[in-house]
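Scroll down for the structure; my scribbles are underneath it.
The values are calculated or read from the model by the stated rules, or taken from the named source; none is laboratory data. It should be emphasised that the depicted structure is a prediction, and the values quoted were computed from it without experimental measurement. In this analysis, Cβ positions are derived from the backbone assuming ideal geometry, glycine residues included, and neighbour counts consider all displayed protein chains.
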Amino acid sequence: MFKKKFMILILAGLGVVSFVAAYFVAGMLGVGRSAPPPAPLAAEEEAEGTGAARPPVEMRPSEKLLQTLIRDLRAKIDEVEARARTLDQRERRLRLAEAELRKVTQEVDDLRMSAVAAFAPLNERLKEIQQSLILVSATERANLKRVAAVYDKMTADASSRIFTEMVKSKRVDDAVKLLSYMQERSAAKLLAAISDPAMAAELSDRLKRVKEEG
């Protein structure tokens, strides 16, 4: 569209320049004036009889100026057309680059969405595991070790009754933390002494989720 408008402007300018040039040449050449009288016929016959060469017709200054203007104008038109072609090529390359960029961007978005969809179940599972962990802070670690040492010295029946009450009172995490710091032999005897197998199984399963912070 830009090129067409530009060419129309060039053609219009050429028309104006041609009109002005024609008007200028007509004025310089004396169009509309009376023509000079023809040379005598005898003189022409005499020149032909002698075989003398006619002198070359010299161009008038106005004609030379007109030819110079036409050459300059054509050169300018060629230059403008070359620039227009260069701009068209750059515009085409730019459109191709933009299309390729949009394509790559869409592919990246598709890959990202696919990755999010693929990792969603893993992220959910990881979140569940993190939520199920029983964390032991550095401040309570020493206290848990001290209390667990006390339970190590108790009989399995006595310690199992205390742990059963802790579970029933919704202090399962506290019971599990203490079990994790007891000696393995004492903890095994305690779990075996619990009368409710389901409770003992739950405590055993949660022991695997204890993790120290820091």
For segment 123-150, name all the residues that are assigned to a helix (DSSP H, G or I) and either polar (S, T, N, Q) or not assigned by TED's automatic domain parsing to the domain that holds residue 207 (or both). 123, 124, 125, 126, 127, 128, 129, 130, 131, 132, 139, 143
Quick one: residue 121 ticks every box in (1) surrounded by 10 or more Cβ atoms within 10 Å (Cβ to Cβ); (2) within 46 Å of the chain's Cα centre (by Cα); (3) not hydrophobic (A, V, I, L, M, F, W, C) bar one, so which box is it? (1)
Would you point out the residue of segment 89-148, among those that are touching a residue at least 60 places away in the same chain (Cβ under 8 Å) and aliphatic (A, V, I, L, M), that is farthest from residue 207 (Cα to Cα)? 138
